[in-house]
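Let me begin by presenting the structure, written as structure tokens, before commenting on it.
The values are calculated or read from the model by the stated rules, or taken from the named source; none is laboratory data. Just so it is clear, the model here is predicted, and its values are computed rather than measured. With ideal geometry, Cβ positions are generated from the backbone for all residues, glycine too; neighbour counts draw on all protein chains shown. Note: areas computed on protein heavy atoms with side chains; ligands, DNA, RNA excluded. Shrake-Rupley method; radii C 1.70, N 1.55, O 1.52, S 1.80 Å.
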Amino acid sequence: MQPTNQTQPTETMPMVALRGMTAFPNMLLHFDVERSMSVAAINAAMAADQRVFLLTQKDIFDDMPNEGGLYRVGTVCVIKQILRMPGHGMRVMVEGVSRAEMIDLPGLTPYFSATVRLVADIPATRWSSRTEAILRQCQELFEAYSTLIDSGGDSLAVLASNDPGYVADYIAQSIFIRHEEKQEILEQKNPLMRLKRMIRILTREVEVLEIKNDLQEKTHSLINQGQREYFLREQAKVIRAELGEGDELDDEIEEYRTKILALDLEEESQERLFKELTRLSKQPYTSSEAAVIRTYLDTVLELPWNKTTKERLDIDKARQVLDEDHFGMEKVKERIIEFLAVRQLAPDVKGGILCLVGPPGVGKTSIATSVAKALGRNFARLSLGGVHDEAEIRGHRKTYVGAMPGRIMAAIRQAKSKNPLLLLDEIDKLGRDHRGDPAAALLEALDSEQNNTFRDHYLEMPFDLSEVLFLTTANTIDTIPRPLLDRMEVITLGSYTDEEKLQIAKRHLFPKQRKRHGLMARQLKLRDDAMRDMIAGYTRESGVRQLEREITKICRKTAAQIAEGQVKSRTVTTADLHDLLGVRKYKIEKLGATDEVGLVHGLAWTRVGGEILTVEVAVLDGDGKLSLTGNLGSVMQESARAALSYIRSRAEKLGIQSDFYKTKDIHIHFPEGGIPKDGPSAGIAIATAMVSALTGAPVRRDIAMTGEITLRGRVLEIGGLKEKTMAALRGDIRTVIIPAENEQDLEDIDPTVRGALQIILVDHMDSVLETALCLPKKKPGRKPKAKAPLIPEPPKNGEVSIKQ
């Protein structure tokens, strides 16, 4: 507010603080007075000249406002009427006289006494068309406002006045706006500016009221439409009853009731279904809610609550089925036979959880079908790869649109028995995100102590999973959460040996593909030597998937030749593979003609089987630098440094100059540098190659080795022995050096491989050197002559990812 005219006289009078309302000049105002100090102020005014100063307080919840809690501008009013209420309160009617500004607040008790100065409006300079337009716009907006709130009579006084100040004050007094906005109107001395501010407020209020009325009309319309549909449905019921069609819904309800009773469920579950049935009976036949309830009831009724298949407990028959469908896999077959034996002796034992872990293509998924067949159980498969939502396992709440049961209950429904074999495929590839952890949702399902009351979110009823035999598959256990892994019995499946692949191809793959391509046994034959060459030269895998694709290619080309009349039958030999399959994809490294210095054959394990890993070492004049090349990982580099430290500690005994690590540079290289290599099992191979290069003693070309080395020369246990020995045999190696700690693993090696190889067990590096090096006899005290470094050409093998 602008400063007031200091020439106006001041006067002191009682003051009443108003809460949530504002008094305007020339306006009547009714309000109730209850605070004792306000009642005292009204009584004092009535005892004097009946004038009182009404001032709005800023905080309506403040019972005792101070001077800072009051606005400065209020209205001097004359009390017209007082109606005393029961108690100490009263109802007061006043009429505003003039705006006034509070100058001081000299009295605080027993009532507020304020010193005020009257404030006059700024007189208009002249009446113009613009003033007339503003006045009319304000009057029209107020008329529209009054129409929207059904208070048309309030606008008559405004429409009859041409005083801008009076119109603004009247409208501000009459409409429902915040007291802060009314105070802004009161403090404005310029009537025209007061009118413009009122126009902005009215424009906003009219827009809000129009939106509010529109929403109310739509709500009433929807309610009326719903009532109309209800009456129409009731009439339709009467019409259907007259036509004899009214029993359709009743028949459906009775049919559902009969099915529910036939399930013989527990009381809780039966009560739940009857509750849903009651809701269905109250729904219109064609409503969307009725469709949701029908889908729910149909899903529940299709589940095999009490249906089981008779389990076959004939151990001999089960073993026969397993042997017919799969070659090898003795551990898995033995575990299934043990399970059957326990079931035979103790029928009350609940289902178990087996986890088959192994590389791709070794038959983890296919053996589940054979196990179900051997046990006489129904079979269902759940693919868990990429599942990252808990609702995929436990289901969605049926309140959601398109809700459905989780994958476990869907598989039970598909299997049509409560004791099936469920295959949880690729359990190591479960994901997780903000929607939950599916691995955590599996904990209850795979726990035999609590899965007898498994609750799916969609069903909202307990279902007994204790009779289900769960079988899971994974490529690795590293990504399976520990609590989930703890509930499973892990059976590891290794890579197939070449002999196992040959038998699988002869017994299963080749007959299956020959039949699939419409060929008879007399039309296509595949010799064993051709199969072996195919396995060694055209596939490199742990399983047999690529081998089956190569057999498929042979069958396909043979079928085309027979159909075109080129041949009537064919026997495939090794010589025919080039024409049928193309150039060999993988070449087997052949042993050199002579023993070489600094060249050792190591053995490596890969995800597709074993490999021969060549180690080359060259010793050059220099300043003691150790170079490691061939894309080596940190563990393999540490093995090389450990081997070097061992050689330094044994230099005198090995006939090596004691300062070789200062005068010689040693370069260790693993060919096929584009392939990453890592692991500790090449330790003894690196040490042997370094000793050979430093002493000039050649290494036997027909020997391969694997083992971790320590600083003191101890040879430690390694893994993947089965695959490594198979690689040695495939590479024409006849002698293999392995750690003595791996003696117990010899039982896992294929008998054919074990019989063809001479396996030497060692526990110290000295034994390795005595076996692998061709050391010449030396006279005591005589140092060996240094030989020129020998750097052999790296073998040109196909690329495989080597991880030891």
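Based on alpha-carbon centroids, what's the gap between segment 289-345 and segment 469-521 in Å, whole number please?
Measuring centre to centre over Cα atoms gives 19 Å.
Run the quick spin-label model on Gln566 and Thr735: label points 7 Å from Cα toward the beta carbon, then report their separation in nm to one decimal.
Rounded to a tenth, the inter-label distance reads 4.9 nm.
Could you order Phe231, Phe176, Phe454 so the one with the most accessible surface comes first? Probe is 1.4 Å.
Working: Phe231 125, Phe176 160, Phe454 0 Å².
So, going from the largest accessible area down, we get Phe176, Phe231, Phe454.
When a/c reaches 1.5 or more, the comparison of a/b and b/c decides; with that in mind, is segment 28-146 rounded, prolate or oblate per its Cα gyration tensor? Please report the intermediate quantities before stating the final value.
Working: a/c = 2.18, a/b = 1.74, b/c = 1.25.
Prolate shape, in that a/c is at least 1.5 and a/b is the bigger ratio.
Only four residue types carry charge here, +1 at the Cβ of Lys and Arg and -1 at the Cβ of Asp and Glu. Report the dipole size of segment 526-669 about the Cα centre in Debye, rounded to the nearest 20.
Charge dipole, segment 526-669, about its Cα centre: 520 debye, nearest 20.
Give me log10 I(q)/I(0) at q = 0.08, 0.10, 0.11 Å⁻¹ for the chain, Debye formula, one equal scatterer per alpha-carbon, no solvent.
Each listed q maps to, in turn, -0.85, -1.11, -1.22.
When the dipole is taken about the Cα centre of the chain, and only Lys, Arg (+1) and Asp, Glu (-1) are charged at their Cβ, what size is it in debye, to the nearest 20?
The dipole of the chain has a size of about 3780 debye.
What percentage of the solvent-accessible surface of the chain, computed with a 1.4 Å probe over protein heavy atoms, is contributed by carbon and sulfur atoms?
Ligands and nucleic acids excluded, carbon and sulfur give 50 percent.
Rounded to the nearest whole Å², what accessible area per residue is found for the chain with the 1.4 Å probe?
51
Any idea what the dipole of segment 650-725 comes to, in debye rounded to 20, about its Cα centre with Lys/Arg Cβ at +1 and Asp/Glu Cβ at -1?
Details: 11 positive and 9 negative charges, 47 e Å.
Around 220 debye, computed over segment 650-725.
Please calculate the 1.4 Å probe accessible area of Lys398, with all protein chains present, and give it to the nearest 10 Å².
It works out to around 30 Å².
From largest accessible area down, sort Arg700, Arg377; use a 1.4 Å probe on the protein chains.
Putting Arg700, Arg377 in descending order of accessible area: Arg700, Arg377.
Contour minus end-to-end for Arg319 and Val490, with contour as 0.36 nm per residue of separation and end-to-end as the Cα-Cα distance?
Result for the pair: 59.5 nm of gain on full extension.
So what's the back-of-envelope 222 nm ellipticity for the chain, counting only DSSP H runs of four-plus at -39500 (n - 2.57) apiece and dividing by all residues, rounded to 500?
Result for the chain: -12500 deg cm²/dmol, rounded to the nearest 500.
How long is the gain from Ala291 to Lys662 if the chain were fully straight, where each residue apart is worth 0.36 nm and the alpha carbon distance is subtracted?
Numbers: separation 371, 0.36 × 371 = 133.56 nm, distance 8.66 nm.
Residue separation times 0.36 nm, minus the Cα-Cα distance, leaves 124.9 nm.
Can you compute the modelled spin-label distance between Met193 and Thr12, with each label point 7 Å from Cα toward Cβ, in nm?
3.2
Sketch the reach of a paramagnetic label on Tyr400 as a point 7 Å from Cα along Cα-to-Cβ, and name the residues of segment 451-478 whose backbone nitrogen lies under 19 Å away.
In segment 451-478, the label zone of Tyr400 (backbone N under 19 Å from the point 7 Å along Cα→Cβ) covers 455-461.
At 1.4 Å probe size, what's the solvent-accessible area of Leu108? Round to the nearest 10 Å².
Spelled out: Leu108, probe radius 1.4 Å, area about 100 Å².
Just read off the accessible area of Arg228 with the full protein assembly in place, 1.4 Å probe, to the nearest 10 Å².
130
Quick one: which residues, 5 or more positions from Val715 or on another chain, have an amide H under 5 Å from its amide H? H modelled 1.01 Å from N in the peptide plane, none for Pro or chain starts.
It is His764, Met765, by chain and number.
Under a point spin-label approximation (7 Å from Cα along Cα-to-Cβ), what is the Asp298-Met93 distance to one decimal in nm?
7.2
Assuming R0 = 45 Å, what is the FRET efficiency of Thr476 and Asp623, from their Cβ-Cβ distance, to the nearest 0.05?
0.55
Of His669, His601, His220, which has the most accessible area and how do the rest follow, probe 1.4 Å?
Ranked from most to least accessible, the order is His220, His669, His601.
Report the gain in length on full extension from Leu148 to Asp576: 0.36 nm times residue separation, minus Cα-Cα distance, nm rounded to one decimal. Working shown, then result.
Details: separation 428, 0.36 × 428 = 154.08 nm, distance 9.58 nm.
Answer, rounded to one decimal: 144.5 nm.
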